[in-house]
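Notes follow once the structure below has been shown.
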Amino acid sequence: MKRLLATLPALLLATPALAHLDPAEHGSLMAGATHPLFGADHLLAMVAVGLLAATRGGQALYALPLAFVGAMLAGFVLALVGLPLPLVEPTILASVIVLGAVVAAALRLPVPAMAAVVAAFGLFHGFAHGGEMGGAGALAYAAGFAVATAALHGAGIMLGRGLLTRLAAAKGALVLRGLGLATMFGGLAIAVG
């Protein structure tokens, strides 16, 4: 009881912790741009989209990022207008695990099929962004997270293509598969943590 009474003032004076930047303090654009960077689930999934695009090459280099970002913006709009989307957080975690597994297994699905998968996941990521927008201005916030997401996709593509061109093809592919496996296990760790 003494411990409870001793900690009560601290509990009453505590302010909520913000996992993302406060738009009132940092601006809507920066709040949106940092949102994908501050969530390990978003970060891993978005880089994994780039890694997946890099493993496939060709049209996938632009089709997968465009599908993800486009669907993410659609999910954001769904959140803004108040339409429900069930199982948002579990689906975001599933995106990390599934995308990591696809990279790890080096699955060579047709580009339209891969684009459909990443778009489905992007919808849920965008919905989560919309649900956590707070007092940010919608257009600047959306522009921020869309640009940051595209940059994360680009980082995954550059990393993947760099591994495939700088290392012997077999070694680069093996390292990419390892990154996919690490992504998958990262998602599992978030799920149980």
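The values are calculated or read from the model by the stated rules, or taken from the named source; none is laboratory data. Just so we're clear, the structure is a prediction, and the values are computed from it rather than from any experiment. Heads up, the Cβs are rebuilt from the backbone with ideal geometry, glycines too, and the neighbour counts pull from every protein chain shown.
The number of residues in segment 121-154 being part of a helix (DSSP H, G or I) and closer than 17 Å to Leu78 by Cβ comes to 18. Is segment 53-70 home to any residue that is closer than 16 Å to Gly144 by Cα and of a type in the set (A, V, I, L, M)? Within segment 53-70, one or more residues are closer than 16 Å to Gly144 by Cα and of a type in the set (A, V, I, L, M).
Figure legend. Inter-residue proximity from segment 112-123: first residues within 14 Å of Ala101 (Cβ to Cβ) and buried (at least 22 other Cβ atoms within 10 Å of the Cβ), second residues hydroxyl-bearing (Ser, Thr, Tyr) and modelled with pLDDT of 95 or more, beta-carbon distance below 9 Å, spacing 6+ or different chains. Indicated pairs: Val118/Ser95; Phe121/Thr91; Phe121/Ser95.
Whenever a residue of segment 164-186 is of a type in the set (Val, Ile, Thr), its partners that are at pLDDT below 95, lying with C-beta atoms within less than 7 angstrom and at least six residues away or across chains, give the pairs Val175/Leu163; Val175/Leu167.
For segment 176-193, taking the residues that are surrounded by fewer than 16 Cβ atoms within 10 Å (Cβ to Cβ) and touching a helix residue (DSSP H, G or I) at 6+ places or on another chain (Cβ under 7 Å), the one that is modelled with the lowest pLDDT is identified as Ala191. Filtering segment 29-86 to residues that are polar (S, T, N, Q) and within 29 Å of Ala189 (Cβ to Cβ) leaves Thr34, Thr55.
Is it fair to say Leu152 is over 15 Å from the mean Cα position of the chain (by Cα) and surrounded by 15 or more Cβ atoms within 10 Å (Cβ to Cβ)?
Considered against the rule, which asks whether it is over 15 Å from the mean Cα position of the chain (by Cα) and surrounded by 15 or more Cβ atoms within 10 Å (Cβ to Cβ), Leu152 comes out as no.
When every residue of segment 166-174 is checked against the conditions, at least one turns out to be buried (at least 17 other Cβ atoms within 10 Å of the Cβ) and more than 19 Å from the chain's Cα centre (by Cα).
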